[in-house]
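I have placed the structure first, in the form of structure tokens, so that the comments after it can refer back to it.
The values are calculated or read from the model by the stated rules, or taken from the named source; none is laboratory data. These figures come from a predicted structure and were not determined experimentally. So basically every Cβ, Gly included, is an ideal-geometry build from the backbone, and we count neighbours across all protein chains shown. What goes into the accessible areas is simple: the full protein's heavy atoms, side chains included, and nothing from ligands, DNA or RNA. Shrake-Rupley method; radii C 1.70, N 1.55, O 1.52, S 1.80 Å.
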Amino acid sequence: DDSLKVDLNAAFTGCNTHPDHPPTSAQLDRAREDVRLFNDSNSHLRLGDLLRSSGDCSGGSVEFKTAVQINSRNAEADREVARVYMPIMTQALDETMADQGSFPSYVPAEHGDLDRATAAWERALAYETNKNIDTLAHDELASLYALGGNTLFALFHHGSEGASAP
């Protein structure tokens, strides 16, 4: 039913559609003003976080993508962009993809773009100064390359999980 599709979409995007502590209008106004004044990657990232917390998933996604366009070395923004393109792979979704060869219609069109998700995670891995992201990034990349049929790169990333972590 439609409510399930909304909940699944929220789960796929990591978007909080029913926040416990949504941002205030003053916080959103301030973040929008920062974007207008500074137009830098971190301002767009902050606005994206606030929009997503308020339930505006698509607005948050646009801001995350803008943050990466401004500074492709913004690893935090890249992780958010990767989450936009790659939904959480549940067993049901895995089976649906195997049966249909694509994501179900209730998953927004931008999801399932393996190349963009892979590029975003590769950048996050390359530019993240905090190496605690190592295991997560390699795990995500192993899954993405496997889904894309690139077994060699999938095995490389699977074997590299935790190798450069602190």
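With (1) surrounded by 16 or more Cβ atoms within 10 Å (Cβ to Cβ); (2) modelled with pLDDT under 85; (3) out of contact with any Gly (no Cβ under 8 Å at 6 or more places or on another chain) as the list, and GLY101 as the residue in question, which single condition is left unmet?
Of everything listed in (1) surrounded by 16 or more Cβ atoms within 10 Å (Cβ to Cβ); (2) modelled with pLDDT under 85; (3) out of contact with any Gly (no Cβ under 8 Å at 6 or more places or on another chain), GLY101 misses just condition (1).
Examine segment 54-64 for a residue that is among the acidic types (Asp, Glu), at pLDDT below 85 and open to solvent by 50 Å² or more (accessible area, probe 1.4 Å), and state whether such a residue exists. Walk me through how you get there before you give the answer.
Initially, segment 54-64 is screened for residues among the acidic types (Asp, Glu), giving 56, 63.
Cutting the leftovers down to at pLDDT below 85 gives us none.
Checked against the condition, which is being among the acidic types (Asp, Glu), at pLDDT below 85 and open to solvent by 50 Å² or more (accessible area, probe 1.4 Å), segment 54-64 yields no hits at all.
Say we look at segment 120-166 and pick out the residues that are over 21 Å from GLU80 (Cα atoms), of a type in the set (S, T, N, Q) and modelled with pLDDT of 80 or more; which of these is least open to solvent (accessible area, probe 1.4 Å)?
The selected residue is SER160.
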